[in-house]
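Written out below as structure tokens is the structure these notes cover.
What follows draws every value from the coordinates through simple rules; no lab data is involved. Just so it is clear, the model here is predicted, and its values are computed rather than measured. In this analysis, Cβ positions are derived from the backbone assuming ideal geometry, glycine residues included, and neighbour counts consider all displayed protein chains.
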Amino acid sequence: MTRACGTRLALAITCVIAVAMSPPPASGETAPVGQQPIPTTPRPTGEIVGGTPSVVVALDGAGRTMATRTYRTGGAGPRWTCVYLEVIVVPGSTPELGTDVGKGSITPEVGQLVALTCSVDSRLVHQEIFTFDPAAPFGTINAAADAALLAREMLPLPDPDVVTSPPAGRPQLVGVATWFRVDTAWQPVSATATLGAVSATVTATPTQVVFDPGDGSAPITCTGPGPAFDAAQPDATSDCAHTYQRRTPDGTTLDLTATITYDVAWTATDGTGDTLDPVTRTSTVALTINEAQALVR
């Protein structure tokens, strides 16, 4: 068993253990959350992607949700359900998991020493002892991933800088393809955040841009930024283009909307890493459509 524990109760005591799957209950029985035996061979459990659950939920003594932390909404990784157990404090000694932890879940009070116990499908996956603080109800669970969540909020992601051909400042032409692309927004962007002793660097990489022409036709999905029109190749075609069929009424425009999707991944100084939910950025450009013919863009 691996533990990292403080030596004085006067200090903020944290004791963490990665716990193996406990043996399944006897046939027809289901051990309640927080009352599993503490295994002696550490081994993470659950279909954890990169070690990070999708959601961690903490319950109070009555089974009500006290706190929720979401890492991914797409279903990658399991849902951890956690309860707080009472820690039996013996003067002059440091409490230990497995020997100084009560069995029934409690509603913790500020400053109380508790054992956070987390399970997946009634199988123990994490337990640690710490002093309860409602501002940090999950102790040290996924400190690196939490730093990554913070870094994701710091990402300087630009809105799509949409370029059209013909340019958006000129009328588009009925029956002539308008090419769409994004320019400098199509590049990876990174940010770093630190929580305690762990720093995480998040990188957002563009994977697709969706153009909604704004005339009621289907959106156009491009897996790259879209090619630039080359006047020297007037017969070239683009998968990121649309041919408008009707003019806009005099004095009106339609909205071309571009949405870039970024895949988000992170690495931390403790050697861990994973992915987070994708993020998007959207911008809109006003276009005028005229009924005219053009020989040169």
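Neighbour counts of other C-beta atoms within 10 Å: give me His126, His242 arranged from fewest to most. Walk me through the numbers on the way to the answer.
Working: His126 25, His242 22.
If I rank by nearby Cβ atoms, fewest first, I get His242, His126.
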If each K or R counts +1 and each D or E counts -1, the residues other than Leu157 whose Cβ falls under 13 Å of its Cβ total -2
Using Cα pairs closer than 8 Å and at least 6 residues apart in sequence, work out the relative contact order for the range 150-290, in percent.
31 percent
If amide H atoms are modeled at 1.01 Å from N in the peptide plane, then the residues at a separation of 5 or more from Ala241, or on another chain, having amide H under 5 Å from its own are Phe180
Long-range amide H partners of Met66, meaning residues 5 or more apart or on another chain whose placed amide H is closer than 5 Å, are Ala58, Leu59, Asp60
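Listing Leu276, Leu149 from the residue with the fewest other Cβ atoms within 10 Å to the one with the most, what is the order? Don't jump to the answer; show the numbers that get you there.
Values: Leu276 23, Leu149 19.
Ascending Cβ contact count within 10 Å gives the list Leu149, Leu276.
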Along the dipole axis of the range 150-290 (charges at Cβ: +1 for Lys and Arg, -1 for Asp and Glu; origin at the Cα centre), the most positive-end residue among Ala191, Ser165, Thr282 is Ser165
When Lys and Arg each count +1 and Asp and Glu each count -1, what net charge do the other residues less than 13 Å away from Thr288, Cβ to Cβ, add up to?
-1
For Ser199, list long-range residues whose amide hydrogen, built 1.01 Å from N in the peptide plane, is under 5 Å from its own amide hydrogen.
Thr269, Asp270
